[in-house]
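The values are calculated or read from the model by the stated rules, or taken from the named source; none is laboratory data. Given the structure is predicted, the values throughout are model-derived calculations rather than measurements. Here the Cβ positions follow ideal geometry from the backbone for every residue, glycine too, while neighbour counts run over all protein chains shown.
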Amino acid sequence: MRGDEVKDKENQSIFKNTRVRLFILVLLASLVAIHPWYVSGEGLTTNLNYGLDLEGGSWLQIKLQGAVVQVDADPGMIVKQMIESTIGKSIEITDVGIPDDGATNSQAYVTFTTDDFITQTQIDLLRLGQATINRKDNKTEVTLYSTKESLIVAFLSNSLSTEVVPIAYVDGVQYEIRTAVSEQELQDLMATVGGSIVKNTDGTLKYREGVTTETRDMTKNILTDKLNSYSLGLKEIPVRTVGEDYILIDFAGIDLATAKDIVEKPGKFEIRIQTTDNDSVHVLYGDDIESVGVPGFHDGQWSTPFRLTESGALALQRIAIETGASSNPDAHWLDMYLDENIVYSAPLSPSAATRLEQFPIYSWESSTGGDEESKIQAEQLQIHLRAGALPVNVELVGSGHVDAGLGKQFKTQSVIAGLLSLLAVAFVVFRRYHQKEILIPMVATSVSEVFMILGFAGAVGWQLDLASIAGIIAVIGTGIDHLVIITDEVLYEGKLPSIKIYLERITKAFAIIFAAAATTTIAMSPLVVMGFGALKGFAITTIVGVMIGVLVARPVYGIVIKEVLQKTD
């Protein structure tokens, strides 16, 4: 009777161990995260997300259109061309003052005269700088105060109808043109204002097709928010950069036509105010929209709330006053464009117009109407406002489709490959030790590690692809290696040693295991940080699997194998 009590105490003691309890807790949490369930007609379902190669679907590759260039031009010719195209009459440049200190953004001035009457509003709308206007003897004399860089930005932006961002470098200012423009087209354009593309010391032109890394990353982030904001019941859509100017998007479970339709909707968002004769002037781009609220219904109208940044609110106030939209809103509607297509148009409300005469407005609401169609329009406008503000235009350069049946086949083959690798490892282990008492805990530990990796994937919504499955198989191999090290250290001359020797040898085993795990993690880290496409999934899976193994599963194996070997002695 006493022997049975001792035996029961030994059986219960393992479950009082903190590491064993943690192991059980993680297993249960993994079960909840995976949430396996049987649905009639569908079979076994889980919370696991599968990537394109396991689920089937489509992929798209888009190219960011733009150019980074360093140019020079004659400030006087820039002013002459832009003013003459605005007023429709010729002007005479009388004086140009450019600092000769070589510094960027140094104050310059351009003075011109004309027989036509020019208003301050016309000058402001061209964004050429501050101006003084004098009218004498039927002539108007205007002096513009600006910088050479600002004049070039204004000229390029106006000529190419796009956003141009100046970037200061040690050797001068380069301009990121956020639309497609060839080297020759730009050279011809600059020649009209007495300028050209600046040359490098080797004679080549300082021109590069593409965009900056910052613009590429901004576009990727906006696309990620945009695509995953659609309430279409879709799983998370991975968006990743490829090189400097390309973005790759995977649409698991989505056909190619739908994928193209979804991607074509994001674009360059812009707000403009109508002037006269169907013309309009630029007010702000999407990056001046600070936040967007949820569409709501009040006062008989569906409306989408949004908030502007300080620069956006000031720009809207200034241009509303300059164009007359604040004093006569019905004649100067506010238009919203996405990829040059109008998505919303309405006049300012009387109350908003009155307030703009006094101070800028940061919080706005765009009303669409009171019926069901208006609700849909408000929801679409929310998406356009929130994530439609791509800083550059994009071009679809590649696409492909993985059949759902083929994806299902890959999934089945991946499971078979994992089971075969586990069986092969089990066979080798059994041939080595010839003891099922060692084989069963070792295989069970390896299976538990795979289960916990899948639990982690289900908990964070991480998509599993072929590279991830390869990582799991790699974890099985490295995990068995570590378990063999533990077993060899625990077995002392073929049997379980004394507790003192056991502790010394298990400490030595885990020193080796932790060193190996650290080496693996360090080796895989560059793939995670640099993000080499599918290799990133392989690296993340391997690192997560190694961490789960060394921190949760393998210490428990050391405890279990000791208990098992004790009972077989």
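Write out, first by first residue and then by second, each pair whose Cβ atoms fall under 7 Å of each other, whose residues are 6+ apart or on separate chains, and whose first residue, in segment 390-402, is at positive phi while the second is among the basic types (Lys, Arg) and in a strand (DSSP E or B).
Correct list of pairs: empty, since none qualify.
Look at segment 36-61 and say how many of its residues are of a type outside the set (Val, Ile, Thr) and either modelled with pLDDT of 85 or more or more than 24 Å from VAL544 (Cα to Cα) (or both).
13
Find the residue count for segment 424-449, including only residues that are touching a residue at least 40 places away in the same chain (Cβ under 8 Å) and closer than 18 Å to LEU25 by Cβ.
Number satisfying all stated conditions: 3.
Just checking, which of THR354, THR323, THR309 is closer than 21 Å to LEU126 by Cβ and of a type in the set (S, T, N, Q)?
Only one candidate passes the filter, namely THR323.
Name the one entry in THR114, THR132, THR119, THR140 that is in contact with a strand residue (DSSP E or B) (Cβ under 7 Å, 6 or more places away or on another chain), free of Cβ contacts under 8 Å to residues at least 24 places away in the same chain and among the hydroxyl-bearing types (Ser, Thr, Tyr).
Details: THR114 fails: free of Cβ contacts under 8 Å to residues at least 24 places away in the same chain; THR119 fails: in contact with a strand residue (DSSP E or B) (Cβ under 7 Å, 6 or more places away or on another chain); THR140 fails: free of Cβ contacts under 8 Å to residues at least 24 places away in the same chain.
The unique qualifying residue is THR132.
Quick one: which residue in LYS148, LYS136 is exposed (fewer than 14 other Cβ atoms within 10 Å of the Cβ) and out of contact with any Ser or Thr (no Cβ under 7 Å at 6 or more places or on another chain)?
Sole residue among the options that is exposed (fewer than 14 other Cβ atoms within 10 Å of the Cβ) and out of contact with any Ser or Thr (no Cβ under 7 Å at 6 or more places or on another chain): LYS136.
Just give me the residues in segment 175-212 being among the hydrophobic types (A, V, I, L, M, F, W, C) and part of a helix (DSSP H, G or I), in sequence order.
Once the filter is applied, which keeps residues that are among the hydrophobic types (A, V, I, L, M, F, W, C) and part of a helix (DSSP H, G or I), segment 175-212 yields LEU186, LEU189, MET190, ALA191.
Give me a count of the residues in segment 61-95 that are hydrophobic (A, V, I, L, M, F, W, C) and part of a strand (DSSP E or B).
7
So which residues in segment 500-527 are among the charged types (D, E, K, R) and either farther than 30 Å from GLU563 by Cα or in contact with a strand residue (DSSP E or B) (Cβ under 8 Å, 6 or more places away or on another chain) (or both), if there are any at all?
Matches in segment 500-527: ARG505 only.
Could you say which residue among ALA467, ALA426, ALA444, ALA417 is out of contact with any strand residue (DSSP E or B) (no Cβ under 7 Å at 6 or more places or on another chain), modelled with pLDDT of 85 or more and of a type in the set (A, V, I, L, M)?
Numbers: ALA467 fails: modelled with pLDDT of 85 or more; ALA426 fails: modelled with pLDDT of 85 or more; ALA417 fails: modelled with pLDDT of 85 or more.
Testing whether each residue is out of contact with any strand residue (DSSP E or B) (no Cβ under 7 Å at 6 or more places or on another chain), modelled with pLDDT of 85 or more and of a type in the set (A, V, I, L, M) leaves just ALA444.
State the number of residues belonging to segment 403-447 that are acidic (Asp, Glu) and under 21 Å from ARG554 (Cα atoms).
1
Filtering segment 156-174 down to residues that are in a strand (DSSP E or B) and closer than 18 Å to THR213 by Cα, which residue is modelled with the highest pLDDT?
Top of the filtered list is GLN174.
Since HIS384 meets every condition but one in (1) farther than 22 Å from LEU227 by Cα; (2) touching a strand residue (DSSP E or B) at 6+ places or on another chain (Cβ under 7 Å); (3) assigned to a helix (DSSP H, G or I), which condition does it not meet?
Single failed check for HIS384: (1).
Looking at segment 544-561, I want the residues that are in a helix (DSSP H, G or I) and have a partner that is among the charged types (D, E, K, R) with Cβ atoms under 6 Å, at least 6 apart or on another chain. Which pairs are those?
Between residues of segment 544-561 that are in a helix (DSSP H, G or I) and residues that are among the charged types (D, E, K, R), the close pairs are ILE548/GLU449; GLY549/GLU449; ALA553/GLU449; PRO555/ARG19; VAL556/ARG19.
Just checking, which of ILE559, ILE548, ILE540, ILE522 is at pLDDT 80 or above and in contact with a Leu (Cβ under 9 Å, 6 or more places away or on another chain)?
Exactly one of ILE559, ILE548, ILE540, ILE522 is at pLDDT 80 or above and in contact with a Leu (Cβ under 9 Å, 6 or more places away or on another chain), namely ILE540.
Does segment 111-122 contain any residue that is among the hydrophobic types (A, V, I, L, M, F, W, C), surrounded by 13 or more Cβ atoms within 10 Å (Cβ to Cβ) and assigned to a strand (DSSP E or B)?
Checking segment 111-122: at least one residue is among the hydrophobic types (A, V, I, L, M, F, W, C), surrounded by 13 or more Cβ atoms within 10 Å (Cβ to Cβ) and assigned to a strand (DSSP E or B).
When you scan segment 292-313, how many residues do you find that are aromatic (Phe, Trp, Tyr) and either surrounded by 18 or more Cβ atoms within 10 Å (Cβ to Cβ) or in contact with a Lys or Arg (Cβ under 6 Å, 6 or more places away or on another chain) (or both)?
Residues in segment 292-313 being aromatic (Phe, Trp, Tyr) and either surrounded by 18 or more Cβ atoms within 10 Å (Cβ to Cβ) or in contact with a Lys or Arg (Cβ under 6 Å, 6 or more places away or on another chain) (or both): 2 in total.
Per-residue answers, yes or no, for (1) at pLDDT 70 or above; (2) closer than 21 Å to GLU176 by Cβ; (3) touching a Cys at 6+ places or on another chain (Cβ under 7 Å):
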| position | (1), (2), (3) |
| --- | --- |
| THR224 | yes, no, no |
| GLY233 | no, no, no |
| ILE237 | yes, no, no |
| GLU244 | yes, yes, no |
| PHE251 | yes, no, no |
| ALA257 | yes, no, no |
| ASP261 | yes, no, no |
| LYS268 | yes, yes, no |
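Let me confirm something: among THR368, THR354, which residue is surrounded by fewer than 18 Cβ atoms within 10 Å (Cβ to Cβ) and in the same structural domain as PHE306 (by TED's automatic domain parsing)?
The conditions single out THR354.
Looking only at segment 120-158, how many residues end up being among the polar types (S, T, N, Q) and more than 25 Å from GLY195 (Cβ to Cβ)?
Residues that pass the stated criteria total 6.
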